[in-house]
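Chemist: Mind looking over this structure? Questions follow.
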Amino acid sequence: MSDLKFKPGQAVDVARAMRWGAWAVAEYRLFSMSKWMGSMFAFGLGNPVIYLISIGLGIGALVDINTGGQGINGVSYLQFVAPALLATTAINAVMEEVTFPTMQGFVWDKMFFAMNNTPITPKQIANGIMITATVRGVFNVLLYELILWLFGAVPVTSLLPMFITSLFAAVAFAAAMMSVTVRLENDDALFAIIGRFVISPMFLFSGTFYPLDQMPIYLQWIGWISPMWHSTQLGRFLSYGMPLETWQLVMHISFLSAVFVIGILAAYPKFESRLQK
Amino acid sequence: MTSDMIVAKDLKKVYGDFVAVDGINFTVKQGESFGLLGPNGAGKSTTMKMISSVSKRTGGELTILGKDPDKFGPEIRAHLGVVPQKDMLDRELKAWENLYTYGRYFGLSRKFLKPKVEELLAFAQLEEKRNEKVEELSGGMQRRLAIARGLVNEPEMLLLDEPTTGLDPQARHILWDRLFRLKEQGVTLVITTHYMDEAEQLCDRLIVMDKGKIMADGSPTELIKKYSSKEVVEVRFGTDKNEQFADEIKKLADRIEVLPDRILVYTAHGEQTLEAIVAKGMNPVTSLVRRSSLEDVFLRLTGRTLVD
Amino acid sequence: MSLIQAGVTSAVAIAERRRGKLGQSVYAGRPHRVIQRSFFALKSSTWLGVVSGFVEPVFYLLAFGLGIGQIIGNLTDGAGNPVSYSQYIAPALLATSAMNGAIYDSTWNVFFKMHFAKLYQTMLHTSLGALDVAIGEISWALMRGTVYAIGFMIVVTPMGLVTSWYGLLAIPAATLIAFGFGSIGMAVTSYVTNFQQMNWVNFFMLPMFMFSGTFFPISIYPEPIQYVVMAMPLWQGVEMVRGLMLGIIDGALFVHIAYFLLMTIAGLIFTTRRLTALFMR
Ligand SMILES: Nc1ncnc2c1ncn2[C@@H]1O[C@H](COP(=O)(O)OP(=O)(O)OP(=O)(O)O)[C@@H](O)[C@H]1O
Ligand SMILES: [Mg+2]
């Protein structure tokens, strides 16, 4: 152990530390993330591409045989599912980057408690996590759009608007998931249960692979309350012009905005009370 | 700016309806080394968390570095170094990366941190382990890393919650020495511990806590003088036999404590008392005469031994 | 004191008895102790988490069967008869959930026990051998998988998705599938050192799930690719269960069974070697 010499209390620029808190958290997350770049890309892209091929092309072939080439909404099945797969990719990527670090920070490594011993505030921790998740979403959405475009599943002019809506929906949903995850005291089983009873049904019942109105009415509500469906509807409108009334557009956007606002508002106080306990 | 680093008045913390800290008063001055001593569950860590300006107090007043932690948490924390009881290191990051990322939370520049991280690794004797993940470090190494991490912002006050648990004897002594040198440079130290020798070595002043209350306070020597005798004789007669000699021995001493495995005899002159015991025909299996310690103070105050 | 002595004496006695028997260095004949531990752990875990293992395939069945089924219409089974889309995918989902359950138990769960709970080190410090641990853990996965399979059959039979009495055999078939995947999964896990590597397991599972004749017949692939898919264990499992549930019994069924028996034996040998190498140096 060598000696350590310093003048106590001189090193830190308090104003600066307080101003950039959320970004310091984001920087740390990106730093950790950079270690898994390889597998992140492999999964972030590998999984959706597999879905694209198996569902878009595989099931698509069956659909086309059955409908005599009519497809759904007058477009091929591939074009029909593409916006849904984009929504899924975005939501999965952003959500993963919010829920896992939150569990890790509060339960697994308890890193958030250590962070909170510095000038960083609980709110800044929450914001930092959201920032990183958004960055991750940007990457995954862009890459996936590129693939969809190469498969001829979406027109090039729709890429930018779809980028915005799918990313926004994903961030909104992630905020809601953060407010849920921060409430998990220490039960990893609960974490898995949410995956199976919330995330997986959302993926399956939100009109992702078929028009929602094909479902029996008693299952349709799952779609109505799922950000995935709202995101997908917007995507279909933007991608191949699926007809949507103005009020429907407004409704989808408002719903997603509400999810975002409620999620953030519900997450902040719990971050604070949990860290300041 | 006052020279009082911590002022606690009637400080209270309640979890649900459980009172963890029950109205304690103390002051810590700049450059002092202050100890919190007490058995498991006494409320030491809870007090530390309130001092760290993280945990919100339930009642009373608390001023840290002249400010109210409820209002100025981040400003205060900028000047504190905290070594929590549980390390809370990032297990996926390497040793040096833990120090670096933590430094960034204080808004410290990369330029500042680059040499700082090396300096801290040397301080914690982890130079060779700089590229190991936390997971791959031994328990004691993780502890040293957590201590180094608490120093990254060159704090005015260092809060150490049981700093030496898990360290080998040599590392413990080296750490004491280094902490002492930090103190010489003006760093205020607040330390919780179960170890008497540690408290005696490190603390100018300490409070003894039990069940959320302060039982006594003062310097280690003051406390020993006040609550114990000069010397202590420890005698063992074998399991289940201690009780039967207790009454007889009581007559020969200022005070005795009967523990399950031995009897502690408090007296000014240890050797003489031991001779007297033997002269009465009581032959202990083992016996030991020693100086009185904080452990004895503790036993007197709480009726319990520290590490139980 | 005397209690401890008695314990030690009987432990030694048991160890002595096994000495000289085949495989005594790796097998103490008490894998049921390992299972018993899992059972205790189960009792204290969340029931929702346990139930969810069986709910997932039902969700898939509802979503794909009801949703996509309508836009796909009927397919034909192996014997050329028309089957609804739900009838087509139900056996595949049963086989897949058997696979997923077994893989989960033998990879994530085993990984956690190996690296965090250090459970195996503890077990192997007693007189249990590596093979006891391997069989015990895998059997546990099987018991769980079988219960899930029964639950699934209880749901799908009233829906008219099982058209033959042979369908009852789908339950042991699911157990066999789980045995095969579980034993290989555990061997693979013993090579894994961190969570990120664990993710790669999923990376290979998903395509297998999507492309093994689960959601659409493999006849849409070019012929060479069909052969590749047919070599995959999941395709073997899906076809085995599908044949049973739809009552198409032919020689292929025995090929599938043989495939899984071989896979299981290979997995067990492999796992025991690895556990011995890892913990009994
Ligand atoms: N977050 C919490 N919620 C509820 N009770 C708590 C919480 N933290 C601590 N306590 C309780 O407060 C009491 C004091 O705990 P504390 O951690 O301060 O003890 P300590 O003196 O540090 O003990 P040790 O020597 O074991 O570290 C204990 O009874 C503990 O159970
Ligand atoms: Mg404590």
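Chemist: Given the criterion part of a helix (DSSP H, G or I) and within 14 Å of another protein chain (Cβ to nearest Cβ), identify the matching residue among A:157, A:165, A:118, A:132.
Modeler: A:132
Chemist: Got at least one residue in region B:250-267 being open to solvent by 50 Å² or more (accessible area, probe 1.4 Å), under 30 Å from residue B:37 (Cα atoms), out of contact with any helix residue (DSSP H, G or I) (no Cβ under 8 Å at 6 or more places or on another chain) and modelled with pLDDT under 80?
Modeler: Scanning region B:250-267, I find no residue that is open to solvent by 50 Å² or more (accessible area, probe 1.4 Å), under 30 Å from residue B:37 (Cα atoms), out of contact with any helix residue (DSSP H, G or I) (no Cβ under 8 Å at 6 or more places or on another chain) and modelled with pLDDT under 80, so the answer is no.
Chemist: On to the next question. Only one of these conditions is not met by residue B:72: (1) farther than 30 Å from residue B:302 by Cβ; (2) in contact (Cβ under 8 Å) with a residue 40 or more places away in the chain; (3) not small (Gly, Ala, Ser). Which number is it?
Modeler: (2)
Chemist: So, one more: Mind telling me which of the residues B:264, B:252, B:274 ends up being hydrophobic (A, V, I, L, M, F, W, C), part of a loop (DSSP other than H, G, I, E, B) and farther than 30 Å from residue B:21 by Cα?
Modeler: Unique residue meeting the criteria: B:252.
Let's see how each residue does on (1) open to solvent by 50 Å² or more (accessible area, probe 1.4 Å); (2) modelled with pLDDT under 85:
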{"position": "A:7", "(1), (2)": "yes, no"}
{"position": "A:12", "(1), (2)": "no, no"}
{"position": "A:49", "(1), (2)": "no, no"}
{"position": "A:54", "(1), (2)": "no, no"}
{"position": "A:60", "(1), (2)": "no, no"}
{"position": "A:74", "(1), (2)": "yes, yes"}
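Chemist: Pick out the one residue from B:17, B:4 that is away from ligand 2 (no atom under 13 Å from the Cβ) and farther than 26 Å from residue B:183 by Cα. Break it down stepwise before answering.
Modeler: Numbers: B:4 fails: farther than 26 Å from residue B:183 by Cα.
Unique residue meeting the criteria: B:17.
Residue-wise test of (1) within 13 Å of another protein chain (Cβ to nearest Cβ); (2) in contact (Cβ under 8 Å) with a residue 60 or more places away in the chain; (3) basic (Lys, Arg).
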{"site": "B:162", "(1), (2), (3)": "no, yes, no"}
{"site": "B:184", "(1), (2), (3)": "yes, no, no"}
{"site": "B:189", "(1), (2), (3)": "yes, yes, no"}
{"site": "B:204", "(1), (2), (3)": "no, yes, no"}
{"site": "B:231", "(1), (2), (3)": "no, yes, no"}
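Chemist: Considering B:178, B:172, B:104, which residue is away from ligand 2 (no atom under 16 Å from the Cβ), under 27 Å from residue B:207 (Cβ atoms) and at the interface with another protein chain (Cβ under 9 Å from one of its Cβ atoms)?
Modeler: Just one listed residue meets the conditions, B:178.
Chemist: Only one of B:200, B:162 is within 14 Å of ligand 2 (Cβ to nearest atom) and assigned by TED's automatic domain parsing to the domain that holds residue B:102; which?
Modeler: The match here is B:162.
Chemist: Can you go through A:199, A:194, A:147 and tell me which one is out of contact with any Ser or Thr (no Cβ under 9 Å at 6 or more places or on another chain), within 14 Å of chain C (Cβ to nearest Cβ) and open to solvent by 20 Å² or more (accessible area, probe 1.4 Å)?
Modeler: Answer to the selection: A:199.
Chemist: Turning to a different aspect of this structure: Of all residues in region B:30-45 being near ligand 1 (Cβ under 6 Å from one of its atoms) and away from chain A (no Cβ under 14 Å), which is surrounded by the fewest Cβ atoms within 10 Å (Cβ to Cβ)?
Modeler: Step one: filter region B:30-45 for residues near ligand 1 (Cβ under 6 Å from one of its atoms), giving B:38, B:40-45.
Keeping just the survivors that are away from chain A (no Cβ under 14 Å) gives B:38, B:40-44.
Values: B:38: 27, B:40: 10, B:41: 13, B:42: 25, B:43: 24, B:44: 25.
Looking at the filtered set, the residue picked out is B:40.
Chemist: Tell me the residue from B:225, B:211, B:241 that is out of contact with any helix residue (DSSP H, G or I) (no Cβ under 7 Å at 6 or more places or on another chain), touching a residue at least 40 places away in the same chain (Cβ under 8 Å) and open to solvent by 10 Å² or more (accessible area, probe 1.4 Å), please. Give the derivation first.
Modeler: Details: B:225 fails: touching a residue at least 40 places away in the same chain (Cβ under 8 Å); B:241 fails: touching a residue at least 40 places away in the same chain (Cβ under 8 Å).
None of the others qualify; the one that does is B:211.
Chemist: Another question, if that's okay. So, residue B:198, is that one acidic (Asp, Glu) and either farther than 30 Å from residue B:284 by Cα or without any contact (Cβ under 8 Å) to a residue 12 or more places away in the chain (or both) or not?
Modeler: It is true that residue B:198 is acidic (Asp, Glu) and either farther than 30 Å from residue B:284 by Cα or without any contact (Cβ under 8 Å) to a residue 12 or more places away in the chain (or both).
Chemist: Restricting attention to region A:80-115, report how many residues are within 14 Å of chain B (Cβ to nearest Cβ) and surrounded by 24 or more Cβ atoms within 10 Å (Cβ to Cβ).
Modeler: Within region A:80-115, residues that are within 14 Å of chain B (Cβ to nearest Cβ) and surrounded by 24 or more Cβ atoms within 10 Å (Cβ to Cβ) number 6.
Chemist: Taking the stated definitions as given, is residue B:90 without any contact (Cβ under 8 Å) to a residue 60 or more places away in the chain, within 12 Å of chain A (Cβ to nearest Cβ) and either more than 23 Å from residue A:6 (Cβ to Cβ) or surrounded by 23 or more Cβ atoms within 10 Å (Cβ to Cβ) (or both)?
Modeler: Values: without any contact (Cβ under 8 Å) to a residue 60 or more places away in the chain: yes; within 12 Å of chain A (Cβ to nearest Cβ): yes; either more than 23 Å from residue A:6 (Cβ to Cβ) or surrounded by 23 or more Cβ atoms within 10 Å (Cβ to Cβ) (or both): yes.
Spelling it out, residue B:90 is indeed without any contact (Cβ under 8 Å) to a residue 60 or more places away in the chain, within 12 Å of chain A (Cβ to nearest Cβ) and either more than 23 Å from residue A:6 (Cβ to Cβ) or surrounded by 23 or more Cβ atoms within 10 Å (Cβ to Cβ) (or both).
Residue by residue, here is whether (1) farther than 19 Å from residue C:75 by Cβ; (2) outside any helix (DSSP H, G or I); (3) touching a residue at least 40 places away in the same chain (Cβ under 8 Å) holds:
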| position | (1), (2), (3) |
| --- | --- |
| A:35 | yes, no, no |
| A:38 | yes, no, no |
| A:42 | yes, no, no |
| A:45 | yes, no, yes |
| A:48 | yes, no, yes |
| A:55 | no, no, yes |
| A:59 | no, no, yes |
| A:78 | yes, no, yes |
| A:84 | yes, no, yes |
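Chemist: Output the number of the condition that residue B:109 fails; it satisfies all remaining conditions of (1) more than 7 Å from chain A (Cβ to nearest Cβ); (2) open to solvent by less than 10 Å² (accessible area, probe 1.4 Å); (3) within 13 Å of residue B:153 (Cβ to Cβ).
Modeler: So the condition that residue B:109 fails would be (2).
Chemist: Taking region B:52-77 as the search range and keeping residues that are touching a Pro at 6+ places or on another chain (Cβ under 6 Å) and within 7 Å of chain A (Cβ to nearest Cβ), which one is nearest to residue B:212 (Cα to Cα)?
Modeler: B:77
Chemist: Continuing with this model, one more query. Kindly indicate the residue of region A:221-245 that is closer than 21 Å to residue A:74 by Cβ and of a type in the set (Ser, Thr, Tyr) and also nearest to the chain's Cα centre (by Cα) among those meeting that condition.
Modeler: A:232
Chemist: Right, here's the next one. I want to confirm something. Restricting to region B:108-124 and keeping residues that are in a loop (DSSP other than H, G, I, E, B) and touching a residue at least 24 places away in the same chain (Cβ under 8 Å), which single residue is nearest to residue A:13 (Cα to Cα)? I'd like the intermediate steps shown before the answer.
Modeler: Within region B:108-124, the first condition is being in a loop (DSSP other than H, G, I, E, B), and the residues that meet it are B:108-109, B:124.
After this cut, where a residue has to be touching a residue at least 24 places away in the same chain (Cβ under 8 Å) as well, the list is B:108, B:124.
On the way: B:108: 8, B:124: 25 Å.
Among them, the one singled out is B:108.
Chemist: Please go through (1) more than 16 Å from ligand 2 (Cβ to nearest atom); (2) in contact (Cβ under 8 Å) with a residue 40 or more places away in the chain; (3) assigned to a loop (DSSP other than H, G, I, E, B) for residue B:167 and return the number of the only condition it doesn't satisfy.
Modeler: (2)
Chemist: Follow-up. I need every pair where a residue in region A:3-25 that is more than 7 Å from every other protein chain (Cβ to nearest Cβ) and part of a helix (DSSP H, G or I) has its Cβ under 9 Å from the Cβ of a residue that is open to solvent by 60 Å² or more (accessible area, probe 1.4 Å) and at pLDDT 85 or above, sequence separation at least 6 or different chains.
Modeler: Matching pairs, first to second residue: A:21/A:123; A:22/A:123.
Chemist: Give all pairs with beta carbons closer than 8 Å in which a residue from region B:134-159 that is closer than 15 Å to residue A:109 by Cβ meets a residue that is among the acidic types (Asp, Glu) and part of a loop (DSSP other than H, G, I, E, B); count only pairs at least 6 apart in sequence or on separate chains.
Modeler: Qualifying pairs under 8 Å: B:134/B:90; B:134/B:92; B:135/B:92; B:142/B:87; B:145/B:87; B:146/B:87.
Chemist: Restricting the first residue to region C:223-252 and requiring it to be closer than 22 Å to residue C:164 by Cβ, which pairs with a second residue that is of a type in the set (D, E, K, R) meet a Cβ separation below 8 Å and a spacing of at least six or different chains?
Modeler: Note: pairs meeting the criteria are C:242/C:77; C:243/C:250; C:246/C:77; C:248/C:77; C:248/C:242; C:252/C:239.
Chemist: Follow-up. When the residues of region B:48-87 are filtered to those that are of a type in the set (Lys, Arg) and away from ligand 2 (no atom under 14 Å from the Cβ), which remaining residue is most open to solvent (accessible area, probe 1.4 Å)?
Modeler: Among them, the one singled out is B:71.
Chemist: What are the residues in region B:118-132 that are crowded, with 16+ Cβ neighbours inside 10 Å, out of contact with any helix residue (DSSP H, G or I) (no Cβ under 8 Å at 6 or more places or on another chain) and not hydrophobic (A, V, I, L, M, F, W, C), if any?
Modeler: Scanning region B:118-132 gives a single hit, B:119.
The values are calculated or read from the model by the stated rules, or taken from the named source; none is laboratory data. It should be emphasised that the depicted structure is a prediction, and the values quoted were computed from it without experimental measurement. Glycine also receives a Cβ, built like all others from the backbone with ideal geometry; neighbour counts cover every protein chain displayed. Note: areas computed on protein heavy atoms with side chains; ligands, DNA, RNA excluded. Shrake-Rupley method; radii C 1.70, N 1.55, O 1.52, S 1.80 Å.
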